[in-house]
Amino acid sequence: MMLLLAGAVLAGDIYINGVRADVPPVVTMESVSVRFDEQGNVWIDAPQYRVTVVPAAQAAAGATPAVTASPPPQPTPFSVAAPAAGAVPAATWWLATEDNGSDGQNVELLLNGVSVCHVRSGEPQMIIDVGAWLKRGANEVRLRASPGRYGGGALVVYLGRGRAGDGTVNLDTPDVRYTRRAIDLGGGGDTVFTVQVP
């Protein structure tokens with residue numbers, strides 16, 4: 001999906017990767033998902049993009065609020081040669097989701113402070129190679145649940161080392177197993193894990 005933003009006038013606000021961005025310049029983004037909530041807000045999930053908003057102090061001084069989005073550097077394709085110091089080889093660390101009939105859940109995954117994706121009730125299973133967002137050593141995995149009313153079964157997010165083959169990914173023992181259930185508090189909140197990458 002390709003999305004072209006040209007400062008459209010909407011009833012609500014625009015959020016890109018959870019960042020309020022009400023007056024974007026002309027920006028074209030590819031491979032994004034867009035949803036509209038009940039208040040008319042537009043939510044754009046663009047995991048391959050980083051978003052920067054002009055600070056309010058600059059806007060108060062007369063600068064027009066703006067959003068810039070640019071793809072992060074692409075990870076180096078996996079090769080037989082040893083990876084560069086600190087790099088994580090592609091197709092070795094994975095995120096996988098499991099939705100057991102949950103309702104109302106919306107969980108953002110941040111790796112080392114960078115928003116990677118949103119996991120929502122009712123959406124297809126996600127399997128993502130997350131090596132591009134990891135580094136050797138300690139990594140922060142933050143799962144941020146949005147406030148709301150939850151129902152149904154559990155929404156589960158797994159993250160760990162795995163092997164890909166024949167269209168499937170096998171995670172032997174996930175380093176992260178995060179579960180949101182209907183009985184969890186509706187106020188949302190963050191859960192943080194530390195994952196060690198050798």
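FYI, it's all coordinate maths here, none of it is from the lab. Keep in mind it's a predicted model, so treat the numbers as computed, not measured.
Computed values, structure above
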{"read-out": "Gyration tensor (alpha-carbon) shape descriptor, the stretch 93-197, a/c threshold 1.5", "value": "oblate"}
{"read-out": "In sequence order, calculated HN-Hα J values of the stretch 186-198 (Karplus, 6.51, -1.76, 1.60; Hz; x Gly/Pro)", "value": "x, x, x, x, 9, 10, 10, 10, 10, 10, 8, 9, x"}
